[in-house]
Structures are given as structure tokens and as C-alpha cells.
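J.: Have a look at the structure that comes next, please.
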């Protein structure tokens, strides 16, 4: 690896498809989410700069470390969350813009990296010594174990159909054979992945770990200042990377033309809209209901998708 | 420059934590009114948060009873700097009808440094909004603090 590549890699990670770009777009999408919620509730809603002002204010505030907390875990957790969100955004968006830049197994790496923000929440909540944090961390752990299983199985369905663990191959497969959702197994896997995405983003009806009205933010309850800002940034960044990832995996291939990229943007926005509409029209599930849903119906559906993929449907 | 940006951010995004220090619930109901969709304070970036760690402003109602005094002080320490304290109602302003009771501290000013008082029993939601805006410097103050110096 020479100096130029290193520089390019740094630029990718910190500026263009990475931290700066994804954070800006993600915060904007957070505003869209809040505005749509306000319109549905017949309010006016916040101005467009609201999420940026929130983050700026949080960064300016002092960060308190509660007495008796495990300071190392408490401080490392927000950094882990942002790192995971940044790297997964880099991999997804580079696969969109330049599929040839992928490396062998980038899909597998992405699956692990995208779980990092949730795991950071567990670490932060458990280290904070707050009972709310501890309960939130336990719930988040339960949720990770349930939704990641369905999510993985839906990804494996795609891997079986394309016989590859490379994004470029998956895009090429969809370019020649049509979008993944047009096959039966692909459709089922897509629906499963949409459920899992809602849980991964921590949106209603699956915001069980944070549950503002009963757990006052769960793992985030003890975070203040920059720690909270980093968690919110990582949440905003996953709001870009995960819908983009699903659009890439299931909703058809992309060529390197402006029209095709515009089409990708529309698919991305469609997934986002469904996500927001589900969020504002559903109430929170209880933990046992969510676990029953993920380990029951969704698990059966995703296993069915794998079997269908194996017999070639 | 950075300072100016951060100041602007603070003015545009203020998260309040609602504290009851022994109030009769009149002020609490008015505070909840402010946060309802009718007044829609999210327009101004004001949000009700559920933990003092996330808060920028404490919206305190009640005359601060002796029992709750220690808790209010701990709550104040739990809010990260910079922070505002806003007293809502006649009781926080000067004890209200409990100003000389043995059971209260006779107003929030005897316990915490208060940034702004919003008098009224209870104050109207518009008055609370106006008070918060004054505390943030969004709206100019009507009366300046004055001190009499003997010549």
C-alpha cells in the first residue's frame, strides 16, 4: 500500500462517502423523519437545521461521567458506535459508486460492522451503572440476538442465489437477472430484512431498548454532551447506510450512469419512507412480543427463503 | 467564530427537564400544555427530555419543600454545564402562599441560582414560552435589573 492509496483511504473514510458526508446526509434525513412525524400529528415541526443545532449543542456541553461507572467502557462505547457506523457507510456507499473497489468478503465484513453500533449501546449501558442503562443493555442484547439471526439468514439467501459474498458480483447478478425481489425467495428475504432493519435502526415498534417513556433512553440515560452526540450521529449514519444496503442487495443492480444512480436514490427513499411510516403509525412492542415475532414468524419465513433459494426459486 | 456557532446552536436547541418540587400541579399542567401539539415547541427546538443528563434547562415548579431540597440540589448537579434554571409559577418566584411556611424553602431562589422567573398562578402557556425565550435571549427583556446606589 503506497502513500497515495493511504491518503485516498483516509479521504474515503473521513470525508466523502464516510464520516462527514454520511453524518450530514443522515442528520438531514433525521430532520425529514421529524418533519413527517410533525405533519402526521398536524404540527409544524422543527426547521431544517434542527438536528445540526442539536448535535452542535451536545458537542459543546460538558460530558459527565457518573460516579461508580466503568469509565473506560463508558467512554469507548460512543467511539465504537461511530466507528462501526462510519465504516459500514463507507463500504455500502463505495459499493454503490464504484463496485470494483470491493474486496473479497466485503458483505461479511459489513454484516459484522453494522452490528457494532448496537453492541456499543450494550457496552455503554452496562458500563453506566444506571439501572435504566442495565435494563436497556439487557434488552438491546436480546434484540440483537433475535433480529440479527433473521437479518443474517436473509443475507445468506442472497449469497446462495448469487453464489458470491462480493457486492460487485451481487450487483452484476442483478444487472443480468433482474432485481432480487422479483424472485420468490428474494421477496421473502427482503421483507425479513425490512423487519430487521427497523429493529437495527432502533425505530418503533422495536425501540424496546431505549423506550423513552419507560426506560428514559435506556443505555443513553446516563450519556450527556459529546457521548450522546456521538451516539446520535451513529444513529443518523446507520439511517443512511442500512436502507442503502438493502436497496443495493434487493432492489436491482446499478450501472455507473447518472440515471441509474438517480434510480438508486429513489429506491433508497422508498425504503426510507416505508420505514418512517411504520415508525409513526405503530406502538412499541413488548420485549417478549418482539422476540416471539423474530424467533417465530420471521425465522420461519427466512428459513423458507433459504430453502426456496436452494431449490432455485 | 466557533463560539458564535455554538451559542447559536444552544439557542436553537434547548432540551428541558420538568421538575416538580412540591407544586400543586397547576403549573405542571400548564407546562405540559406548552409541550402539546397545539403550541408545538419543537418549532423552536425545545424538547422535553426524560433524564437530567440530556437536559439544558430545568423547568422547576413549586415552592421547594424541605423534603425535596436535597433531591433538587442533586438534580442540579446531574445536569451538564452550561445549564439554565427556569422557575415557573408564583411559588418558585417567592414561595407563593407558602412563603412563610416552615415546610418549604420559600422559593427556588433560596436553593438554586435561577436564571429567570415566570410568575403567575399558574402562568399561561404563552407566558412560559415567552419566559423561556427571554432566558435564551431570543426576545429582549422588558425590564433590566436595576440597583440603587446611594450618593
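Read-outs: derived from the displayed coordinates by stated rules, not from any lab. Quick caveat: nothing in here was measured; it's all calculated off a predicted structure. All Cβ positions, glycine included, derive from the backbone under ideal geometry; neighbour counts span all protein chains shown.
J.: In nm, to one decimal, how far is the residue B:32 label point from the residue A:4 one, both placed 7 Å along Cα→Cβ?
T.: Label at residue B:32, label at residue A:4, 6.6 nm between them.
J.: Label the range B:58-151 by shape, choosing from rounded, prolate and oblate, from the square roots a ≥ b ≥ c of the eigenvalues of the Cα gyration tensor; if a/c is under 1.5 it is rounded, and otherwise prolate applies when a/b is larger than b/c, oblate when it is not.
T.: rounded
J.: Taking R0 as 56 Å, what's the FRET efficiency between residue A:278 and residue B:151 from their Cβ-Cβ distance, rounded to 0.05?
T.: Between residue A:278 and residue B:151 the formula returns 0.20.
J.: Stokes-Einstein D for the range A:161-313 at 25 °C, 0.890 mPa s, Kirkwood Rh over Cα pairs, in µm²/s?
T.: 143 µm²/s
J.: In addition: Once each part is reduced to its C-alpha centroid, what is the distance from the range B:105-138 to the range B:18-36 in angstrom?
T.: A separation of 12 Å, based on Cα centres.
J.: Which whole-number percent gives the relative contact order of chain B, counting Cα pairs below 8 Å spaced six or more residues apart?
T.: In percent, rounded to a whole number, it is 23.
J.: Hey, another quick one. As a footprinting exposure proxy, order A:57, B:141, A:297, A:267 by other Cβ within 10 Å, with the fewest listed first.
T.: Ordered from fewest to most neighbouring Cβ atoms within 10 Å, A:57, B:141, A:297, A:267 come out as B:141, A:297, A:267, A:57.
J.: If you don't mind, another one. Roughly what would the spin-label model give for residue A:266 and residue A:112, points 7 Å off Cα along C-beta, in nm?
T.: Rounded to a tenth, the inter-label distance reads 3.8 nm.
J.: Need one word for the range A:192-272: rounded, prolate or oblate. Basis is the Cα gyration tensor (sqrt eigenvalues a ≥ b ≥ c); a/c below 1.5 gives rounded, then a/b vs b/c decides.
T.: Note, shape of the range A:192-272 comes out prolate.
J.: Taking neighbour Cβ counts within 10 Å as the exposure measure, how do A:161, A:70 sort from fewest upward?
T.: A:70, A:161
J.: Please average, across the residues of B:54-66, the number of beta carbons from any other chain that are within 10 Å of each residue's own beta carbon, and give a whole number.
T.: 1
J.: Which values of log₁₀ I(q)/I(0), to two decimal places, follow from the Debye formula for the range A:235-284 at q = 0.32 Å⁻¹ with a uniform point scatterer at every Cα?
T.: -1.19
J.: Now for a separate question. Could you work out how far apart the two model spin labels at residue A:303 and residue A:172 are, taking each label as a point 7 Å from the Cα in the direction of the beta carbon, and quote it in nm?
T.: Placing both labels 7 Å along Cα→Cβ, they lie 3.5 nm apart.
J.: If I build a Gaussian network model for chain A, linking alpha-carbon pairs within less than 10 angstrom, which residue out of A:259, A:152, A:291 has the largest mean-square fluctuation?
T.: Among A:259, A:152, A:291, the largest GNM mean-square fluctuation belongs to A:259.
J.: Still on this structure: Taking the DSSP beta bridges in the range B:53-122 as the whole, what percent of them are antiparallel, to the nearest 5?
T.: Antiparallel bridges make up about 10 percent of those DSSP assigns within the range B:53-122.
J.: Over all distinct Cα pairs, what is the inverse of the mean 1/r for the range A:8-310, reported as the Kirkwood hydrodynamic radius in Å?
T.: 19.7 Å
J.: Another question, if that's okay. Can you tell which of A:13, A:176, A:24 shows the greatest fluctuation in a Gaussian network model of chain A with Cα springs below 10 Å?
T.: Most flexible of the set in this elastic network: A:176.
J.: Still on this model: To the nearest 500 deg cm²/dmol, what mean residue ellipticity at 222 nm is calculated for chain A from DSSP H runs of n ≥ 4 alone, each contributing -39,500 (n - 2.57), summed and divided by the residues?
T.: Helix contribution divided over all residues of chain A: -24000 deg cm²/dmol.
J.: What does the helix-only formula give at 222 nm for chain B: each DSSP H stretch with n ≥ 4 adding -39500 (n - 2.57), the total divided by the residues, and the result rounded to the nearest 500 deg cm²/dmol?
T.: Computed ellipticity for chain B at 222 nm equals -9500 deg cm²/dmol.
J.: Note the full-extension length gain between residue A:213 and residue A:16 as 0.36 nm times their separation in residues minus their Cα-Cα distance, in nm to one decimal.
T.: Length gained between residue A:213 and residue A:16: 67.2 nm.
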